[in-house]
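S.K.: Dropping the structure in here first, questions after.
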Amino acid sequence: MNVNDTEIASSILEQHDYEIVNDIDDANIVFLMTCAIRENAENKVWAKLYDLDKAKRMGQLRKYGLLGCMAERLKAKIVEQLPSIDVVAGPDSYRHLPKLLAINSLHGQSAINVLLSLDETYADIIPRNQSKHSAFVSITRGCNNMCSYCIVPFTRGRERSRSIDSILKEVENKIDSGVKEIILLGQNVNSYRDYSVHNLSNDEDKNQTLNELQSPLADGFQTLYRSKPGGAGFDQLLRQVAGLDPNVRIRFTSPHPKDFNDSVLRVIADHPNIAKGLHLPVQSGSNFVLERMRRGYTRDAYLQLVKRIRHYIPNCGLSSDFICGFCDETDDDHRQTVDIIQNVGYYIAYIFAYSMRDKTYAYHHLNDNVPQSIKIQRLIELNQVYRQLSTEMNRQLIGQRQLILVEGVSKKSPQQLYGRNEANQKVIIPKLSNVNYMIGDFLDVEIIDFTPVTLMARPIRRTSITEFYTSKQ
Ligand code: SF4
């Protein structure tokens with residue numbers, strides 16, 4: 001989301017004749033785009049802000065500002081601690097940046113706007129795309145789920161969706177400019193719903209909308225809030241986006257398991273260009289903890305969903321998020337999380353020790369009572385279990401042909417490039433081989449080696465999504 005927000009803010013500034021520069025020494029103002037989800041990330045931003053403040057005081061930098069969630073969350077505290085900051089703008093205030101800069105220039109004081117909006121989606125802003133091959137398209141903003149540990153609903157506001165028409169227009173525009181991959185974005189991306197759509201174009205869509213009205217959530221899942229009926233859901237958006245060009249890969253992030261109803265799963269299964277890698281954040285394997293996290297599902301409902309995903313999309317790779325040491329989590333709760341990792345088998349796992357955030361339900365009603373040392377022990381164990389399993393799963397990929405999109409030069413060696421497969425795993429390939437290819441190409445590769453988190457491959461040929469799947473039939 002931060003990358004996409006940066007692209008939106010940059011586009012707004014460019015529309016007002018500001019120039020985006022690549023070198024900090026050439027900049028008249030430096031903005032930090034921030035996320036407030038984890039304490040660790042926030043501490044890093046504070047350190048960076050103090051550096052910028054020092055640079056300004058020493059005459060090495062003219063101005064600096066703070067954008068995004070952290071601006072929203074800390075508002076007054078930022079200006080109190082850093083009175084020389086020039087601009088502070090929350091995630092719904094990027095349109096006001098030119099005005100804030102003008103106010104700051106006129107009065108020489110910090111200019112702030114952190115108001116949250118009920119309807120801002122930046123639907124009419126074409127983000128300034130930084131990658132030629134992959135483009136983020138924001139489809140929803142905010143979140144209504146109110147998981148008890150999460151600050152997002154407070155920093156990003158209520159959930160709202162852009163219209164299907166405006167999204168299709170932006171995706172078409174990106175495809176025309178040559179991108180090979182579209183990543184649909186939202187804090188809860190698959191709870192997308194366009195309420196402006198009443199008359200759907202064909203009978204299939206009409207029937208699906210009726211089904212969705214009766215059962216918009218995956219079986220066994222609940223929400224704390226009542227969703228408004230009507231409109232067109234994520235399944236319909238996904239089908240239309242995937243239908244624009246069968247040779248452009250579609251991904252989406254970040255989803256909530258509750259919104260993977262059968263209709264969404266069928267659309268993913270039916271389109272070869274929708275990547276067969278789903279992020280299915282479980283957070284914990286214990287019913288007791290899941291209830292305290294207010295996630296809206298039980299362990300069993302989650303495992304049933306995994307079964308349905310494997311039924312519709314047998315080759316689907318799964319990834320997940322885990323929080324260890326949440327309020328009152330016992331050793332037995334932790335064992336159940338270990339067990340769910342072993343039971344499901346994830347190619348990618350993001351594992352964090354719990355850090356309490358103010359404003360959240362947990363902050364007001366629960367005790368952050370698992371000692372830090374136990375949190376770290378559990379984090380290490382979850383990582384070990386995940387890596388053991390992912391190593392075994394990766395071993396089984398040896399010899400398999402996979403489709404990757406080549407994304408860039410490997411950080412470890414300029415002699416290697418990397419791409420991503422359908423499951424979003426990083427795949428390393430040699431820069432020079434018998435096959436002619438470059439960054440931005442789809443490649444048919446054979447997996448030849450692995451680590452717990454990365455695959456190594458031998459390029460077979462340049463290809464396209466349709467060609468790859470036709471030749472596999
Ligand atoms: S779904 Fe839960 S964890 Fe995800 S952004 Fe919304 S409140 Fe936060």
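The values are calculated or read from the model by the stated rules, or taken from the named source; none is laboratory data. In this text the structure is predicted, and so the values were computed from the model without any measurement. A quick note on method: Cβ atoms are made from the backbone with ideal geometry, for glycine too, and the neighbour counts reach across all protein chains shown. Surface areas here come from the heavy atoms of the whole protein model, side chains and all, with no ligands, DNA or RNA. Shrake-Rupley method; radii C 1.70, N 1.55, O 1.52, S 1.80 Å.
S.K.: For the chain, what is the accessible area per residue in Å² when the probe is 1.4 Å?
M.R.: Details: 21700 Å² over 473 residues.
The answer is 46 Å² per residue.
S.K.: Using only alpha carbon pairs under 8 Å that are at least six residues apart, calculate the relative contact order of the range 401-472 and give it in whole percent.
M.R.: 30 percent
S.K.: For the range 9-45, which GluC sites (Glu not before Pro) are both in a DSSP coil and crowded by at most 15 other Cβ atoms within 10 Å?
M.R.: On the way: sites: GLU14, GLU19, GLU39, GLU42; in loops: GLU19.
When the GluC sites (Glu not before Pro) of the range 9-45 are filtered for loop state and at most 15 Cβ neighbours within 10 Å, GLU19 remain.
S.K.: Using only Cα atoms, figure out Rg for the chain and give it as a multiple of 2.2 N^0.38 Å.
M.R.: After normalising by residue count via 2.2 N^0.38 Å, the value is 1.00.
S.K.: Now, a different point. What distance in nm separates the simple spin-label points at ASN436 and LYS412, each placed 7 Å from Cα in the Cβ direction?
M.R.: Between ASN436 and LYS412, the label points sit 3.0 nm apart.
S.K.: On the protein heavy atoms, probe 1.4 angstrom, tell me the percent of accessible surface of the chain carried by carbon and sulfur.
M.R.: For the chain, the apolar C and S fraction of the accessible surface comes to 49 percent.
S.K.: For the chain, just give the cysteines left without a disulfide-compatible partner, judged by no other Cys Cβ under 4.7 Å.
M.R.: If one checks each Cβ against the other cysteines of the chain, CYS35, CYS69, CYS143, CYS316, CYS324, CYS327 turn up with nothing under 4.7 Å.
S.K.: Now for a different question. Relative contact order (percent) for the chain, with alpha-carbon contacts under 8 angstrom and 6 or more residues of separation?
M.R.: Relative contact order for the chain comes out at 10 percent.
S.K.: A follow-up question, please. So which aspartates and glutamates can LYS54 reach, going by Cα to Cα under 16 Å and dropping same-chain residues fewer than 8 places off?
M.R.: Within the straight-line cut-off, LYS54 pairs with ASP25, GLU80, ASP86.
S.K.: Same structure again: Roughly speaking, what is the centre-to-centre gap between the range 21-78 and the range 83-144 when only Cα atoms are used, to the nearest Å?
M.R.: First find each Cα centre; the distance between them is then 14 Å.
S.K.: Give me the mean projected area, in nm² to one decimal, of the convex hull enclosing the Cα positions of the range 401-472.
M.R.: Seen from a random direction, the Cα hull of the range 401-472 projects 4.5 nm² on average.
S.K.: Checking the a/c ratio against 1.5 first, then a/b against b/c, what shape does the Cα gyration tensor give for the range 2-113?
M.R.: Working: a/c = 1.29, a/b = 1.10, b/c = 1.18.
Judged from the Cα gyration tensor, the range 2-113 comes out rounded (a/c under 1.5).
S.K.: Sticking with this one: Quick one: of LYS44/LYS75; LYS132/LYS431; LYS132/LYS169; LYS412/LYS472; LYS48/LYS132; LYS174/LYS258, which pairs are farther than 23 Å apart, Cα to Cα?
M.R.: In this structure, LYS412/LYS472; LYS48/LYS132; LYS174/LYS258 exceed 23 Å between Cα atoms.
S.K.: Would you calculate the separation in nanometres between label points at ARG310 and GLN396, each defined as 7 Å from the Cα along the Cα-to-beta-carbon direction?
M.R.: Output for this residue pair reads 0.8 nm.
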